[in-house]
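The values are calculated or read from the model by the stated rules, or taken from the named source; none is laboratory data. Small disclaimer: the values here were computed from a predicted structure and weren't measured. Cβ: placed from backbone, ideal geometry, glycine included. Neighbour counts: every protein chain shown.
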Amino acid sequence: MIHRPWTGWVCLIAALLPLSAASAQTIPTDEPLALVTRFETARRDFDPVMLAATLSSDFVEISPRGEVDPRDKVLGFYDPAHKSPVPRMESDEPTVRLVSDIALMTRRLSIILPGAGGKRSVRVLYVAHREKAGWKLVSAQYTPIPPEPTK
């Protein structure tokens, strides 16, 4: 049997999603959303200390290509030795849903391409858990958004 430490989180999330609106809150900003902002800033700046501080020990990321990347691989990708110029990025359309000590958040992230390249966007689902030391990300999944058709 293959051990997948993140499967417990996936099952928990699947169980929580059908909960009614009465048991979940939609809020515009909160500590979990600030956590996501710190995470994205750390990724942009290739800041391994800040990045590590935002991630739970069992963090798992699903890349836009569908690759499953555990915490160590994510931290290795953002090693400052790999840093290169980053195109301008925009983040908008945040949502936060709290269910007990779990936060489900989404955001649209867009990379602004130079010249007439336009932009490429992904929708990100972040899952955070409130631990004794505060909120930590346990998962992030990036889903590409197809470009708008040209007119």
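Under 8 Å by Cβ, and 6 or more places apart or on different chains, what pairs join a residue from the range 81-95 that is farther than 12 Å from residue 112 by Cβ with one that is among the aromatic types (Phe, Trp, Tyr) and surrounded by 10 or more Cβ atoms within 10 Å (Cβ to Cβ)?
Between residues of the range 81-95 that are farther than 12 Å from residue 112 by Cβ and residues that are among the aromatic types (Phe, Trp, Tyr) and surrounded by 10 or more Cβ atoms within 10 Å (Cβ to Cβ), the close pairs are 82/46; 83/46.
Please go through the range 25-81 and pick out each residue that is under 21 Å from residue 144 (Cα atoms) and loosely packed, with under 12 Cβ neighbours inside 10 Å.
65, 66, 67
May I ask you to list the residues in the range 94-134 that are within 14 Å of the chain's Cα centre (by Cα), farther than 14 Å from residue 36 by Cα and of a type in the set (A, V, I, L, M)?
122
Out of the range 111-144, which residues are of a type in the set (Ser, Thr, Tyr) and in contact with a Phe, Trp or Tyr (Cβ under 8 Å, 6 or more places away or on another chain)?
126, 139
Give the number of residues within the range 41-70 that are among the hydroxyl-bearing types (Ser, Thr, Tyr) and either over 14 Å from the mean Cα position of the chain (by Cα) or modelled with pLDDT of 95 or more (or both).
Adding up the residues that qualify gives 3.
Six or more apart or on different chains, Cβ atoms under 8 Å: show the pairs whose first residue is in the range 99-126 and of a type in the set (Asp, Glu) and whose second is surrounded by 13 or more Cβ atoms within 10 Å (Cβ to Cβ).
That search, which allows pairs on different chains as well, returns 101/129; 101/130.
Given the conditions (1) modelled with pLDDT of 90 or more; (2) under 22 Å from residue 32 (Cα atoms), which single one is not true for residue 73?
It is condition (2) that residue 73 fails.
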